[in-house]
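Read the structure below first, then the notes.
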Amino acid sequence: MNVSDFDFELPERLIAQTPLADRTSSRLIVLHKNTGETEHRSFTDMKQYLKAGDTLVLNDTRVLPARLYGVKADTGAKVELLLLKRLEGDAWEVLVRPGKKIRVGSVLNFGSDEATGEPLLTAVVEAEGDMGARHIRFRYKGIFNELLDKLGTMPLPPYIKERLEDRERYQTVYAKHEGSAAAPTAGLHFTEAFLQELEEAGVRLCRITLHVGLGTFRPVSVENIDENEMHSEWYSVSAESAELLNRTKAEGGRIVAVGTTSARTLETIGQRFEGGPVSESSGWTDIFIYPGYDFRMVDALLTNFHLPKSTLVMLVSALAGREAVLNAYREAVEREYRFFSFGDAMFIV
């Protein structure tokens, strides 16, 4: 299959620029994967499609204020740095701008100490990474996360032009483990109250972690999708979560992934344990899911609407079928659903 097989027309006006005042007030397309039929509902109606014994799998990663603005130490030229993932200690993989002028050996400064005038945070470029990334090492005094909170801004996707007034609106209400360069946006629709309502109805909640990295910011660069390579991301599944997933399968419940990040994590461990009972697991995954993939763990998926020709549209198409997904997207455009990170949702059942 080709990347162009996953293209669709999207008017720019449908790209949601700001989150809704109420997280749960989004619209919802329900797509029945066995028939291709669609229903147009409200987000909280998803409760009607869940039953006691189903398990909702939540990615509890927390987005870092990962975009830093600073200057080159030697020239004073402005630079932008986006943290992607921690390699070890104070070493990180990052994206830099302007990329051509930031080479190995470059020193970048961020912030300034009011008393001394010294930079609060310094980054030294140590190596070039994959797909234009850089490996840098930070130098600083104090606590890194406190400096990042002070100096960094939320790494909103480039299609969002509006200023985000409340930083927490680009976090899920269950975000816990810092490490992502982007939010697992399907989870942005939930409130603590609605999650409690689902639990009271017998739906179980399972938390896993996948730190969203470089793949989120990179378009597919090949035409034949069989040739595409995904960037690796860190995942972790606890013993408690693995036990809950096994129990759900054994008791005939459905595993419902909240977002493509949860789906990729679940299918990673499904492959690792060859479709059998899963165990506590962590590591790097570069799993690429596209039509023809045989799902081992995921039975249903809640997801937002994704960019044309993206690997995320391919993943959704693997679960529900390309034609059914593109038809649902056409309906969403016709009915003027809100698209992308702050947009409406789709529930594939």
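The values are calculated or read from the model by the stated rules, or taken from the named source; none is laboratory data. This structure is a prediction, so every number in the text was calculated from the model and none was measured. Methodologically, a virtual Cβ is constructed for each residue, glycine included, from the backbone with ideal geometry; neighbour enumeration extends over all protein chains shown. Quick note on the areas: whole protein, heavy atoms, side chains included, nothing else; ligands and nucleic acids left out. Shrake-Rupley method; radii C 1.70, N 1.55, O 1.52, S 1.80 Å.
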Whole-Hz couplings from phi, Karplus 6.51/-1.76/1.60, listed for region 305-311; x for Gly and Pro: 8, 10, 5, x, 6, 8, 5
Within 11 Å, Cβ to Cβ, of HIS189, how many net charges do the neighbouring residues add up to if Lys/Arg are +1 and Asp/Glu are -1? 0
Options [x] 0.96; [y] 1.01; [z] 0.92 - which one matches Cα Rg over 2.2 N^0.38 Å as calculated here: [y]
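When a/c is below 1.5 the answer is rounded, else prolate if a/b is larger than b/c, else oblate, so apply that to region 146-230 with a ≥ b ≥ c taken from the square roots of the Cα gyration tensor eigenvalues. Walk me through the numbers on the way to the answer.
Working: a/c = 2.11, a/b = 1.28, b/c = 1.64.
Verdict is oblate for region 146-230.
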FRET E, pair ASP7, GLU227, Förster distance 22 Å, beta-carbon r, rounded to 0.05: 0.80
Assign one of three labels to region 67-153, namely rounded, prolate or oblate, based on the Cα gyration tensor with a ≥ b ≥ c the square roots of its eigenvalues; rounded applies when a/c is under 1.5, prolate when it is not and a/b is larger than b/c, and oblate otherwise. oblate
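Can you give me the accessible area per residue for region 67-153, using a 1.4 Å probe, in Å²?
Dividing the accessible area of region 67-153 by its residue count gives 56 Å².
From the cross-link list LYS78/LYS100; LYS176/LYS249; LYS78/LYS150; LYS176/LYS309, which pairs have alpha carbons spaced over 21 Å apart?
Where the Cα-Cα span goes over 21 Å, the pairs concerned are LYS176/LYS249; LYS176/LYS309.
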Please list, by residue number, every one of the trypsin sites (Lys or Arg not before Pro) in region 1-71 that is coil in DSSP and has at most 13 other beta-carbon atoms within 10 Å. LYS51
Alpha-carbon centroid distance for the pair region 215-280 / region 125-153, whole angstrom: 28
Return the distance in nm (one decimal) between the two label points of a simple spin-label model at ASP130 and ARG272, each offset 7 Å from Cα along Cα→Cβ. 1.7
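Go ahead and estimate [θ] at 222 nm for the chain from helices alone: -39,500 (n - 2.57) per DSSP H run with n ≥ 4, summed, over the residue count, rounded to 500.
On the way: 6 runs with 65 residues, N = 349.
Here the helix-only value at 222 nm equals -5500 deg cm²/dmol.
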Residues whose built amide H sits under 5 Å from the amide H of PHE339, excluding neighbours closer than 5 in sequence, are ILE15, ALA16, ASP344
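Can you list which of the GluC sites (Glu not before Pro) found in region 212-318 are DSSP loop residues with at most 16 other C-beta atoms within 10 Å? The partial results should precede the final answer.
Working: sites: GLU223, GLU227, GLU229, GLU233, GLU240, GLU243, GLU251, GLU267, GLU274, GLU280; in loops: GLU223, GLU229, GLU251, GLU274, GLU280.
When the GluC sites (Glu not before Pro) of region 212-318 are filtered for loop state and at most 16 Cβ neighbours within 10 Å, GLU223, GLU229, GLU251, GLU274, GLU280 remain.
Mind checking the full-extension length gain between ARG137 and GLU200? Use 0.36 nm per residue of separation minus the Cα-Cα distance, one decimal, nm.
Working: separation 63, 0.36 × 63 = 22.68 nm, distance 4.69 nm.
Length gained, ARG137 through GLU200: 18.0 nm.
Could you tell me what % of all Cα pairs in region 192-286 have separations over 14 Å?
Working: 3157 of 4465 pairs.
In whole percent, the share of Cα-Cα pairs in region 192-286 beyond 14 Å is 71.
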When only C-alpha pairs under 8 Å and at least 6 residues apart count, what is the relative contact order of region 18-79, in percent? 18
Region 197-349: spread of alpha-carbon positions along the three principal axes, whole Å, largest first, is 41, 37, 26
Cut-off under 17 Å on the C-alpha distance; same-chain residues fewer than 8 positions from LYS51 excluded. Which aspartates and glutamates are left, in chain and number order? GLU197, GLU199, GLU200, GLU251, ASP299
The chain, Gaussian network, Cα under 10 Å: of THR260, THR268, THR44, the residue fluctuating most is THR44
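Trypsin sites (Lys or Arg not before Pro) within region 281-349: which are DSSP loop residues with at most 15 other Cβ atoms inside 10 Å?
Values: sites: ARG296, LYS309, ARG322, ARG330, ARG335, ARG338; in loops: ARG296, LYS309, ARG335, ARG338.
Of the trypsin sites (Lys or Arg not before Pro), the ones in loops of region 281-349 whose Cβ has at most 15 other Cβ atoms within 10 Å are ARG335.
Take the solvent-accessible surface of the protein heavy atoms, probe 1.4 Å, and return the percent of it on region 73-169 that carbon and sulfur atoms account for. Don't skip to the end; give the middle numbers.
Numbers: 2740 of 5710 Å².
The C+S portion of the solvent-accessible surface of region 73-169 is 48 percent.
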